[in-house]
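A.B. asks: A single structure is presented below for examination.
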Amino acid sequence: MSRKFSVSYDIPADVETAYAAITGEGWAAGKAAALKDESTVVSRDVATGDAVTLVVSRKLPDGIPGFLQKFLPADGRVTQTDTWAAATDGVRSGTWTAATPGSPVKVWGTMRLEPAAAGCCYVVAGEIKAAIPLIGGKAEDIAVSMTKKLTASEADVLRSLVSG
């Protein structure tokens, strides 16, 4: 089994301004400063149509229950890969994965920036699968909750960057 989620956040900027902020060189630094998660850019590749693949390494969030700690990387880091496509009809969309080496937990999903009345809407959907006997469902529930909190914090960082 796995758990799915979807969240959306209003961003006070047009799609391309928000896109430039969330895929730009300053994204990891903005997150590191605001979230204290030591985010650093591993790689940033730009392709046709200003499509961007951004790989960022960061610390796992605080608050992970002790019974799950043993299933996570010893260095406490995760690598997130965001792959954004070229704009289509004014919308930016892509996929994301969060890799935790050696962990039985897999996290992936989609993201979208779409026009809205007061700027744009940042939509994140995801799925979490924890292949841990007996406690996999509980681990998935915790991971969904923590991922939703993280996306809300990242939306705050994005708002700050586009308003800054």
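The values are calculated or read from the model by the stated rules, or taken from the named source; none is laboratory data. These numbers come from a predicted model, not from an experiment. Neighbour counts run over all protein chains shown; Cβ positions are idealised from the backbone, glycine included.
A.B. asks: In the list THR17, THR48, which residue meets the criterion of being out of contact with any Ser or Thr (no Cβ under 8 Å at 6 or more places or on another chain), touching a residue at least 60 places away in the same chain (Cβ under 8 Å) and not acidic (Asp, Glu)?
C.D. replies: When all the criteria are applied, what remains is THR17.
A.B. asks: Before we move on, is GLU16 acidic (Asp, Glu) and in a helix (DSSP H, G or I)?
C.D. replies: Yes, satisfied.
A.B. asks: Any idea which of (1) under 30 Å from LEU134 (Cβ atoms); (2) in contact (Cβ under 8 Å) with a residue 12 or more places away in the chain is the one GLU38 doesn't satisfy?
C.D. replies: That leaves (1) as the condition not met.
A.B. asks: Moving on. Within the stretch 1-33, track down each residue that is under 13 Å from the mean Cα position of the chain (by Cα) and either of a type in the set (Lys, Arg) or within 14 Å of VAL52 (Cβ to Cβ) (or both).
C.D. replies: Result: ILE22, THR23, TRP27, ALA28, LYS31.
A.B. asks: Which of the residues belonging to the stretch 48-65 are at pLDDT below 95 and aliphatic (A, V, I, L, M)?
C.D. replies: Correct list: LEU60, ILE64.
A.B. asks: May I ask you to verify whether THR147 is among the β-branched types (Val, Ile, Thr) and surrounded by fewer than 16 Cβ atoms within 10 Å (Cβ to Cβ)?
C.D. replies: Criteria not met by THR147.
A.B. asks: Give all pairs with beta carbons closer than 9 Å in which a residue from the stretch 60-85 that is touching a residue at least 12 places away in the same chain (Cβ under 8 Å) and assigned to a strand (DSSP E or B) meets a residue that is exposed (fewer than 15 other Cβ atoms within 10 Å of the Cβ) and of a type in the set (A, V, I, L, M); count only pairs at least 6 apart in sequence or on separate chains.
C.D. replies: THR79/VAL42; THR81/VAL42
A.B. asks: Out of all the residues in the stretch 143-164, which are among the hydroxyl-bearing types (Ser, Thr, Tyr) and either outside any helix (DSSP H, G or I) or under 16 Å from LYS31 (Cα atoms) (or both)?
C.D. replies: Correct list: THR147, THR151, SER153, SER160, SER163.
A.B. asks: Sort through GLU140, GLU114 and tell me the only one that's in a helix (DSSP H, G or I), more than 13 Å from the chain's Cα centre (by Cα) and touching a residue at least 40 places away in the same chain (Cβ under 8 Å).
C.D. replies: When all the criteria are applied, what remains is GLU140.
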